[in-house]
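See below for the structure under consideration.
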Amino acid sequence: MNGLLTDLYELTMAAGYFAAGKHEETATFELSIRRLPRNRDFVIAAGLHRAIEYLENLRFTANEIAYLRGLPSLKNASQGFWDYLAAFRFTGDVFAVPEGTVLYEGQPVMNVRAPIIEGQIPETYLLAAIGYETLVATKAARIVHAAAGRDIVEFGTRRAHTPEAGVLGARAAYIGGCAGTSNTLAGYRYGIPVLGTAAHSWVMAFASESDAFERLQRLLGSRTVHLIDTYDTLEGARNAARLGRPLWGVRIDSGDLAQLSREVRKILDAAGLTDAKIMVSGDLDESKIEALVAAGAPIDAFGVGTELTTSADAPSIGAVYKVVAIGNIGNVRYPVKSSPEKHTIPGAKQLFRLPDHDVLGLSTECITGSEALLQPVILGGRVLQDLPDANQIRVRADAALREWPKATRRTVLSPKLKALNDSVRGVYVHTEHAQPAVTI
């Protein structure tokens, strides 16, 4: 992993920590959902696989260090700091909620406990890795819900902000409930079903639409999906019907999808192709799909690209990465940020899930009858076990969405966490001496 894939201020702080002799001081950082994205009352956590891969492999090469040494902001850094970066490895601990977990506003996703520089530098990457896939997994869940049992296929790589984002978006969409993806690399990497047949260019490459359909059918057999709206959608449906089986179905990519799907269904049924399916695509999102379902359109599957892979209606998430404790057990300082609307709660935490509410408590607590969601993933710099694959995560997300209510769940502070929060804030408010040492 490229050590430069971070914001400059992470590295200037690292140099500052080193110069101040704080580089061996342990700190706990918390990645949490400060605010939900627009139009969301929950999110599905995703992206942990990339975060762990990053922490496992984070290094600084000689060329990268040479580049940093030439930056004006770091001209005063000591040789000792550059030697430190040359030997840099993540040696800390990570606790995180499993991917596929439903989370709500104000809840933690991950705790990173490490020497302070090792905990600080990853901030930028971790926020990006967790934030993007969480956005897409959540968007996918909304779209899948709107489809009311009909399959959703992710089509978004060509509209993703980078090709690699398309691969990661496909994985996140699958976790969120999509039936598969058009992205073959995502299928190869993550074991996701890959779906797709031909584009309009295929039809246009042949002298006639019928010839194009026949050639495709020879190749794909029962997996054939004819794209029928290149010229005239209903005539395309008739051409597909005349060829008959083997056939999975047809796809409509433009026009009045509700009305066209009804007319196409009649054509297919009249030809005895009652089992042939109709897929539609073309700038779809959850509201358009919900409307098509409510209208009773005979559509069996939806292809969704742009709106899904970019999470177009909510393209950002209010995730933050804040230091919540500095020092070791018995002598811990609890820094808090007290600015309006951006305050933090001190202390390393655990999120406890109960049937009717969640409890945010200290990481040292146990709450009877609850599920502790933050689980150990890395201890002492070593990954404890293989992470679940995309299929296993998808099952977890599906179970969570079935079990938990759609409305925002109530999250309360445990008495111990509330007492710590009140005591630390009292010191901040009434004295100039922030960051008191508190033993708990």
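For the range 179-194, does any single residue satisfy the condition of being surrounded by 24 or more Cβ atoms within 10 Å (Cβ to Cβ), within 17 Å of GLU307 (Cα to Cα) and not aromatic (Phe, Trp, Tyr)?
Checking the range 179-194: at least one residue is surrounded by 24 or more Cβ atoms within 10 Å (Cβ to Cβ), within 17 Å of GLU307 (Cα to Cα) and not aromatic (Phe, Trp, Tyr).
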### Task
Return the residue satisfying two criteria in turn: it lies in the range 60-83 and is in contact (Cβ under 8 Å) with a residue 40 or more places away in the chain and in contact with a Phe, Trp or Tyr (Cβ under 6 Å, 6 or more places away or on another chain), and of such residues it is surrounded by the fewest Cβ atoms within 10 Å (Cβ to Cβ).
PHE60
### Message
Can you tell me how many residues within the range 276-328 are touching a Gly at 6+ places or on another chain (Cβ under 9 Å), in a loop (DSSP other than H, G, I, E, B) and not hydroxyl-bearing (Ser, Thr, Tyr)?
### Response
7
### Query
Across the range 97-126, what is the number of residues that are part of a strand (DSSP E or B) and over 14 Å from the mean Cα position of the chain (by Cα)?
6
### Message
Please count how many residues of the range 34-57 are modelled with pLDDT under 95 and either touching a Phe, Trp or Tyr at 6+ places or on another chain (Cβ under 8 Å) or part of a loop (DSSP other than H, G, I, E, B) (or both).
### Response
7
#### Entry: Any chance ILE121 is touching a His at 6+ places or on another chain (Cβ under 9 Å), farther than 30 Å from LEU354 by Cα and buried (at least 19 other Cβ atoms within 10 Å of the Cβ)
no
### Query
Pick from the range 290-336 the residues that are without any contact (Cβ under 8 Å) to a residue 40 or more places away in the chain and not aliphatic (A, V, I, L, M): which of them is farthest from ALA165 (Cα to Cα)?
GLY296
### Task
Test GLU53 against the stated conditions and say whether it is over 28 Å from ILE329 (Cα atoms), of a type in the set (D, E, K, R) and surrounded by fewer than 21 Cβ atoms within 10 Å (Cβ to Cβ).
yes
### Task
Kindly indicate whether any position in the range 6-22 is in contact with a Gly (Cβ under 8 Å, 6 or more places away or on another chain), within 27 Å of THR411 (Cβ to Cβ), in contact (Cβ under 8 Å) with a residue 60 or more places away in the chain and surrounded by 17 or more Cβ atoms within 10 Å (Cβ to Cβ).
no
### Message
I'd like the residue in the range 340-379 that is over 23 Å from the mean Cα position of the chain (by Cα) and not in a loop (DSSP other than H, G, I, E, B) and, out of all such residues, is surrounded by the most Cβ atoms within 10 Å (Cβ to Cβ).
### Response
GLY361
### Residues being buried (at least 22 other Cβ atoms within 10 Å of the Cβ) and within 21 Å of SER287 (Cα to Cα) - total across the range 161-177
7
### Test: residue in the range 233-245 that is among the β-branched types (Val, Ile, Thr), buried (at least 18 other Cβ atoms within 10 Å of the Cβ), in contact with an Asp or Glu (Cβ under 6 Å, 6 or more places away or on another chain) and touching a residue at least 24 places away in the same chain (Cβ under 8 Å)
no
### Task
Given the conditions (1) in contact with a Lys or Arg (Cβ under 9 Å, 6 or more places away or on another chain); (2) more than 19 Å from GLN120 (Cα to Cα); (3) modelled with pLDDT of 90 or more, report the number of the one that LEU354 does not fulfil.
(1)
### Message
Going through ASP229, ASP211 one at a time, which residue ends up being among the acidic types (Asp, Glu), surrounded by 18 or more Cβ atoms within 10 Å (Cβ to Cβ) and out of contact with any Pro (no Cβ under 6 Å at 6 or more places or on another chain)?
### Response
ASP229
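The values are calculated or read from the model by the stated rules, or taken from the named source; none is laboratory data. Only a predicted model underlies this, so the values are computations on that prediction, with no experimental measurement involved. Neighbour counts are summed over all protein chains in view; Cβ atoms, including those assigned to glycine, are modelled from backbone coordinates with ideal geometry.
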